[in-house]
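**Student:** Okay, handing you the structure first.
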Amino acid sequence: FMIWNTMMGTSILSIPWGIKQAGFTSGIILILLMGILTLYCCYRVVKSRQMIPLTDTSNWEFPDVCKYYFGSFGQWSSLLFSMVSLVGAMVVYWVLMSNFLFNTGKFIYNFVHDINVTDIVPGTNGSNKVICPSAASDHPPQNRSVMFASGNRTGFELFEEWWDKSQTVPFYLIAILLPLLNLKSPSFFAKFNVLGTVSVVYLVFLVTVKAAHLGIHLEFNWFTENEFFVPEFRILFPQLTGVLTLAFFIHNCVITLLQNNRNQENNVRDLSIAYFLVGLTYLYVGVIIFASFPSPPLSKECIEQNFLDNFPSDDIMSFVARIFLLFQMMTVYPLLGYLARVQLLRQFFGNAYPSLFHVLVLNLAIVGAGVAMARFYPNIGGIIRYSGATCGLAFVFVYPSLIYMISLHRAGQLTWPALIIHIFIILLGLANLIAQFLL
């Protein structure tokens, strides 16, 4: 459950979009295949220390194993890709926190001032409204919404000007999160780890309730596209594999997590159960959201990269989900920043906190990346798949396979089938990364 809780991150919000990009049938197949492949590569990471002869590796992490096999190149490249995964996750968090804070503030303002705002976007009618924000992307920003109600129109317009999802809200977060990043130890925030479990459980509950009200809307078109449905198999499927690489990514810290296991002989069993639970959660949320999305009247193409954006800001259940996720991310964000600081500054300066100046410069760079993305490229699906495919190439596909082949070769046990299979895994990782930039 600890591994499940650590692995279940923001990617769950993009799984329905990924299934839409890949096609319903191929999406389900890809989730299963990527789960099995990443589990095997994670198993190779766990076993990598045990294949080093005549050395006490009990306190080694995976970068230490990379250094043993590849020298300083392995050490620095593993650091680079680990930083890509951490900073990529922090950027996604900033984009999502801006989104959740914006929608939460909008909900509270409208509720307090008794304002009924109708978004000018296509959507369904009734109490379980579903909207298609992407269809409104052609509208100029000031025409986003129309007000119907009692309330001061000037005040409402002023609020919309100062409470903008991309122009202002990402900057407001700096005042809250930058001071937290500069703390010497974020151990206080680790106590809120249970919020992650609560958030995921609530998301599953929300998805189940919404699907029960909306019903199932599926029509199988295997290769052709019509107005309301996407084909079962689409050429855009690598966009889902990119997301899934990060969704199943725990390879850079799995050794640390399993060191706490009382019965070390159960590591492989527990890892397999954790991957099964994660895959099951992703499948359930992705399939249910895709299947219940009301088409007609809306097209499945309307499924957003963050599926909560398909519910209006005045939807109570979505409001509660955003509140949960906002608080969870605000507690996890400083932990991710701490991990990035420890890994980077310790390598360069031999100290995780050389001075407040060093830490501040690093944190300003990380926060600046998050603000820039929330401002100019707030597409979490895109950020997740690019960073996932990049760090996954090293930690999921290349290093575990290379290390296994080298250790077998040194022991004189490398066979042609093992060589071909692991070279194929490396080529899959390379193709996954290249495809992200072509599609």
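The values are calculated or read from the model by the stated rules, or taken from the named source; none is laboratory data. Note that this is a predicted model, so its numbers are computed, not measured. Please note: Cβ atoms are built from the backbone with ideal geometry, for glycine as well, and neighbour counts cover all protein chains shown. We work out accessible area using only protein heavy atoms, side chains counted, and drop any ligands, DNA or RNA first. Shrake-Rupley method; radii C 1.70, N 1.55, O 1.52, S 1.80 Å.
**Student:** Across the range 251-260, in residue order, what do the Karplus-derived ³J(HN,Hα) couplings come to in whole Hz, using 6.51 cos²θ - 1.76 cosθ + 1.60 with θ = phi - 60° and x for Gly and Pro?
**Tutor:** 5, 7, 9, 5, 5, 4, 5, 6, 5, 7
**Student:** At R0 = 41 Å, how high is the FRET efficiency between residue 233 and residue 357 if r is their beta carbon distance? Nearest 0.05 is fine.
**Tutor:** 0.15
**Student:** Using the basic label-point model (7 angstrom from Cα toward the beta carbon), what is the residue 434 to residue 112 distance in nanometres?
**Tutor:** Going from the residue 434 label point to the residue 112 one covers 5.5 nm.
**Student:** Taking the 0 to 90 degree range and rounding to the nearest ten, how far is the long axis of helix 24-48 tilted relative to the main principal axis of the chain, both from C-alpha atoms?
**Tutor:** Approximately 30 degrees, to the nearest 10.
**Student:** So for each of 1-13, 186-198 I average, over its residues, the number of other beta carbons within 10 Å; can you give me the resulting order with the highest mean first?
**Tutor:** Descending mean neighbour count gives 1-13, 186-198.
**Student:** Using +1 at the C-beta of Lys and Arg and -1 at the C-beta of Asp and Glu, which of 12, 74, 40 has the Cα lying farthest in the positive direction of the dipole of the range 1-134?
**Tutor:** 40
**Student:** Using the C-alpha atoms of the chain, what convex hull volume per residue, in cubic angstrom, is computed?
**Tutor:** 150
**Student:** Show me 399-407, 86-94, 342-350 ranked by packing, highest mean number of other Cβ atoms within 10 Å first. Could the numbers behind the result be given before it?
**Tutor:** Numbers: 399-407: 21.9, 86-94: 24.3, 342-350: 14.0.
Ranked by mean Cβ neighbours within 10 Å, highest first: 86-94, 399-407, 342-350.
**Student:** Which translational diffusion coefficient, to the nearest whole µm²/s, is obtained for the range 268-419 from the Stokes-Einstein equation, given a Kirkwood hydrodynamic radius over C-alpha pairs, 25 °C and 0.890 mPa s?
**Tutor:** Result for D is 122 µm²/s.
**Student:** Can I ask one more? Compute the distance in nm between two label points, each set 7 Å from the Cα along the Cα-to-Cβ direction, one at residue 342 and one at residue 77.
**Tutor:** Taking the two extended label points, one gets 2.5 nm.
**Student:** Where does the chain land at 222 nm, in deg cm²/dmol rounded to the nearest 500, when only DSSP H runs of n ≥ 4 count, each adding -39500 (n - 2.57), divided by all residues?
**Tutor:** For the chain, the value works out to -21500 deg cm²/dmol.
**Student:** Want the number for residue 415 to residue 129: 0.36 nm per residue separation, take away the alpha-carbon distance, what's left? Write down the numbers at each step before the final one.
**Tutor:** Working: separation 286, 0.36 × 286 = 102.96 nm, distance 5.80 nm.
Fully extending the segment from residue 415 to residue 129 adds 97.2 nm.
**Student:** Okay, moving on. With a 4.7 Å Cβ cut-off, tell me which Cys residues in the chain come up empty for a partner.
**Tutor:** That list is 41, 42, 66, 253, 391.
**Student:** Then there's this: Considering only lysines 8 or more places apart in sequence, or on different chains, count the pairs in the chain whose C-alpha atoms sit under 26 Å apart.
**Tutor:** Going through the chain pair by pair, I get 14.
**Student:** How much of the calculated P(r) for the range 1-132 lies past 21 Å, in percent of all Cα pairs?
**Tutor:** When every Cα pair of the range 1-132 is considered, 66 percent fall beyond 21 Å.
**Student:** Which angle between 0 and 90 degrees, to the nearest 10, do you get for helix 62-112 versus the longest principal axis of the chain when only C-alpha atoms count?
**Tutor:** 10
**Student:** Translational D (Stokes-Einstein, µm²/s) of the range 53-131 at 10 °C and 1.306 mPa s when Rh comes from the Kirkwood sum over C-alpha pairs?
**Tutor:** The estimated diffusion coefficient comes to 91 µm²/s.
**Student:** Determine the gain in length on full extension of the stretch residue 40-residue 217; use 0.36 nm per residue of separation and subtract their C-alpha separation, reporting nm with one decimal.
**Tutor:** 60.2 nm
**Student:** Same structure again: Gaussian network model of the chain, Cα springs within a sub-10 Å range: biggest mean-square fluctuation belongs to which of 389, 135, 340?
**Tutor:** Fluctuation is largest for 135.
**Student:** Take the Cα pairs of the range 241-309, get the Kirkwood Rh, then feed it into Stokes-Einstein at 25 °C and 0.890 mPa s and tell me D in µm²/s.
**Tutor:** 167
**Student:** When a/c reaches 1.5 or more, the comparison of a/b and b/c decides; with that in mind, is the range 180-232 rounded, prolate or oblate per its Cα gyration tensor?
**Tutor:** Judged from the Cα gyration tensor, the range 180-232 comes out prolate (a/c at least 1.5, a/b above b/c).
**Student:** Then there is this: List residues of the range 324-359, by number, whose backbone nitrogen lies under 16 Å from a label position 7 Å along Cα→C-beta of residue 201.
**Tutor:** 324-325, 328
**Student:** Tell me, what HN-Hα J-couplings in whole Hz come from the Karplus equation 6.51 cos²θ - 1.76 cosθ + 1.60 at θ = phi - 60° for each residue of the range 389-395, using x for Gly and Pro?
**Tutor:** Residue by residue, the range 389-395 yields 5, 6, 6, x, 4, 7, 7 Hz.
**Student:** On to the next question. Over the chain, with every protein chain in place, what whole percent of the accessible area is carbon and sulfur at 1.4 Å, could you tell me? Please list the in-between numbers first.
**Tutor:** On the way: 13430 of 19840 Å².
Carbon plus sulfur share of accessible area: 68 percent.
**Student:** Sticking with this one: Counting only residues 5 or more places away or on other chains, whose amide H sits under 5 Å from the amide H of residue 130 once H atoms are built in the peptide plane?
**Tutor:** Under 5 Å from the amide H of residue 130: 124.
**Student:** Rank by packing, highest mean first: peptides 65-72, 368-375, with packing defined as the count of other Cβ atoms within 10 Å averaged across residues.
**Tutor:** Sorting 65-72, 368-375 by mean packing, highest first, produces 368-375, 65-72.
**Student:** Equivalent-ellipsoid semi-axes (√(5λ), Cα gyration tensor) for the range 10-88, whole Å, largest first?
**Tutor:** Details: eigenvalues 218, 53, 17 Å².
Taking √(5λ) for each eigenvalue gives 33, 16, 9 Å, largest first.
**Student:** Turning to a different aspect of this structure: Could you report the chain's accessible area per residue, 1.4 Å probe, as an integer in Å²?
**Tutor:** I get 45 Å² per residue for the chain.
**Student:** Each residue of the range 12-21 in turn: what ³J(HN,Hα) in whole Hz from Karplus with 6.51, -1.76, 1.60 and θ = phi - 60°, glycine and Pro shown as x?
**Tutor:** So the Karplus estimates, Gly and Pro as x, are 4, 6, 9, 4, x, 4, x, 5, 4, 5 Hz.
**Student:** Still on this structure, please answer the following. How many percent of all Cα-Cα pairs in the range 1-46 sit more than 18 Å apart?
**Tutor:** 40
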